[in-house]
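Only one structure is covered here, and it is reproduced in the block below.
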Amino acid sequence: MSSMPDRPVVTRIAPSPTGSMHIGTARTALFNWLYARHTGGQFLLRIEDTDRERSTEDAVQVIFDGLAWLGLEPDSPAVFQAARADLHRQAVDDLLTRGAAYRCYMTVDEVAAEREKARAEGRAIRSPWRERAADAGDNRPHVIRFKGPADGETIVQDLVKGPVTFRNRELDDLILLRSDGAPTYNLAVVVDDHDMGITHVIRGDDHLNNAARQTLIYQALGWEVPTWAHLPLIHGPDGSKLSKRHGAQAVGEFAEMGYLPEAMRNYLARLGWGHGDDEIFSDAQAISWFDVADVVSAPARLDWAKLNHINNHYIRQAEVVRLSTMVATLHEGRGLTLSAEDRETLQRTVPLVRDGAKTLLELADLTAFVLHRRPLELPEKALAMLTDETRARLGRLATALTGFAEWAPAHLEPAIRAFAEAEGVGIGKFGPALRAALSGGSPAPDLAGALSALGRTESLARIDDALSPRA
Ligand code: GLU
C-alpha cells in the first residue's frame, strides 16, 4: 500500500522530557524522519513540557542530545508546549463559543460518585453540567470539559491499524482546562499539531485511544484531522513489554554500550518495518523505501543478536579515524591519558581488530593491549612459557626483526614463518610466548598483526622486557 499524500507532509515527534529518551521514542522519531524525508516533507520537534516538575532544562537537553546522536535533527527549532498555554486557552474559548465545551462544577466527590455509576452502567462519565447553561458569573472552582457527541461512532483511519471504531458514548467528556486554567494533554496536542501544520501523526499505539478524542476536538474546531499512524510498541526479546530486566532502554545507554548511531537507525528501522529480508541498508535506501503504511501492527521485539550483528557491520565500515577517536575516548574514560603517539597506535590497531567487535566497548577491549605501559605485567602462564630455550629463540627473532625493513602484516607474516623454518621449529614453539610478551595476556590479533599494531620500537622493547631478568 502506498500512502503518498497529496499535500506536503509535516511530521513531528512530541516527547515529554522525563530525564531519558526511550528507545521507543527513538524509533518513533526515526519513522517520522524517514517518512518526512521519503515524501520530501518536514520533520519537526515539539517538547511536551507541561509537567513543570519533570521538565527540567537537563531533561530537555537529553532529548536534543539523543536526536543529535541518532542523526535525526528536526528541520525547525523545537516548539515548547508549555509556552503555548494561552493559545490552548484561546482554542477552549472557541470551543465554548461553538457550544462544544462547557464549564463543569462537579466536586471531587461528585465525580467519584458519577464514575462509579458510569462504570456500573457500562458508559463514560457524564457531567450534569453538560446540558445546564452555567451562569457566566459563577466563579466557583470548575473545569472546562469537551462536549463530545453522545451517540454515534468516531472512526480513526489509521495507516497502520486500519480503521478503528470508537463508540462515542464510551468516550467521556474529557477535561480541556483544569480548575487552575492549565490545558490538558489532548487539547494541547490538537492545538499544537494544528498550528504546526502537522499532516501525519506517527506515534506509539499507546496513544490510539487519544486519537479518537483528538479527532473529535479537531472536528469541533472545524480543523482538518491529520492522518494517523500508530506504531506497535517495542517488546523485549521474550515478547513481554520492554522493561529494565531486558537491559538498556534509553538511547543514552545504547550510546554508552558502544552502538553506532547509523547501526541504531538501521536496526530501529526494522522494528515494525522492513524491506523484504534486507537486514543491512543505508539511510538513503531506507528513505527511498520507507512508507509508514507498510508498518506492521504486531509488536516488534528487541533482538540483541541482530543489533550486535548490524553494529558489527557498521564498525567494519566506519572511517578508521572516527572509530579510533571514539575508542580513544573510551580508553580515557577508563582512566588512561593518551599521547598523540598512543592515538596513532590506536589508528593502526583498529583496522586489525575491528572485525571481531560487536560494540565500541569490545573494540576498546581489543585495542587495550597496545596501550599497556612497559614493562608489561606478564601472567603466570606467559612466564612459564618463557623457558631458556624460548628466550634464546625470541632473542634471535628480535635480532632478525631489528633489521627488518617493512613493518606491516603482509611482510611480517612471511618473515615470522621464514624465521621458524630457519630455526627448524613450528611457530607454535615460540608464538604463544611472543604473543604474551607483546600483549601481556590481553586480547590481541595474530603475531604479525600485534607487531604491526605496536610498531617496531614498542614491539622490540616489549620483547626485550620479557627477556630481561625480572627484579
Ligand atoms: N508526549 C507524548 C508522549 O511522550 C506524545 C504525544 C504524541 O505524540 O501525540 O508519549
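Worth a mention:
- Taking segment 99-145 as the range and being assigned to a loop (DSSP other than H, G, I, E, B) and within 24 Å of Phe166 (Cα to Cα) as the test, the residues that pass are Gly99, Ala100, Gly122, Arg123, Ala124, Ile125, Arg126, Ser127.
- Taking segment 173-287 as the region of interest, the helices (runs of 4 or more DSSP H) fully inside it that hold 1 or more residues being farther than 24 Å from Ala83 by Cα and over 15 Å from the mean Cα position of the chain (by Cα) are 208-221.
- Just one residue in the set Ala408, Ala453, Ala461 is of a type in the set (Gly, Ala, Ser) and over 24 Å from Leu363 (Cα atoms); that residue is Ala461.
- Cβ-Cβ under 9 Å pairs, at least 6 apart or on other chains, segment 96-108 side free of Cβ contacts under 8 Å to residues at least 24 places away in the same chain, far side surrounded by fewer than 17 Cβ atoms within 10 Å (Cβ to Cβ) and assigned to a loop (DSSP other than H, G, I, E, B): Thr107/Pro141
- Criterion (over 14 Å from the mean Cα position of the chain (by Cα), polar (S, T, N, Q) and at pLDDT below 95) met by exactly one of Ser297, Ser324: Ser297
Residue-by-condition table, conditions (1) touching a helix residue (DSSP H, G or I) at 6+ places or on another chain (Cβ under 8 Å); (2) in a helix (DSSP H, G or I); (3) within 15 Å of the ligand (Cβ to nearest atom):
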| site | (1), (2), (3) |
| --- | --- |
| Thr11 | yes, no, yes |
| Pro17 | yes, no, yes |
| Ala26 | yes, yes, yes |
| Tyr35 | yes, yes, yes |
| Leu44 | no, no, yes |
| Thr50 | yes, no, yes |
| Val62 | yes, yes, yes |
| Trp69 | yes, yes, no |
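- Listed by first and then second residue, the pairs linking a residue in segment 192-211 that is in contact (Cβ under 8 Å) with a residue 60 or more places away in the chain and within 7 Å of the ligand (Cβ to nearest atom) to a residue that is part of a helix (DSSP H, G or I) and small (Gly, Ala, Ser), with Cβ atoms under 7 Å apart and 6 or more places separating them unless they lie on different chains, are Gly204/Gly24.
- Test: residue in segment 254-262 that is within 21 Å of Trp69 (Cβ to Cβ), charged (D, E, K, R) and either surrounded by 22 or more Cβ atoms within 10 Å (Cβ to Cβ) or more than 16 Å from the ligand (Cβ to nearest atom) (or both): yes
- Only one entry in Thr50, Thr18 is of a type in the set (Ser, Thr, Tyr), more than 25 Å from Asp294 (Cβ to Cβ) and in contact (Cβ under 8 Å) with a residue 60 or more places away in the chain, namely Thr50.
The values are calculated or read from the model by the stated rules, or taken from the named source; none is laboratory data. Bear in mind the structure is a predicted one, so any value in this text is a computation, not a measurement. Positions of Cβ are generated from backbone atoms using ideal geometry, with glycine treated the same way; all protein chains shown enter the neighbour counts.
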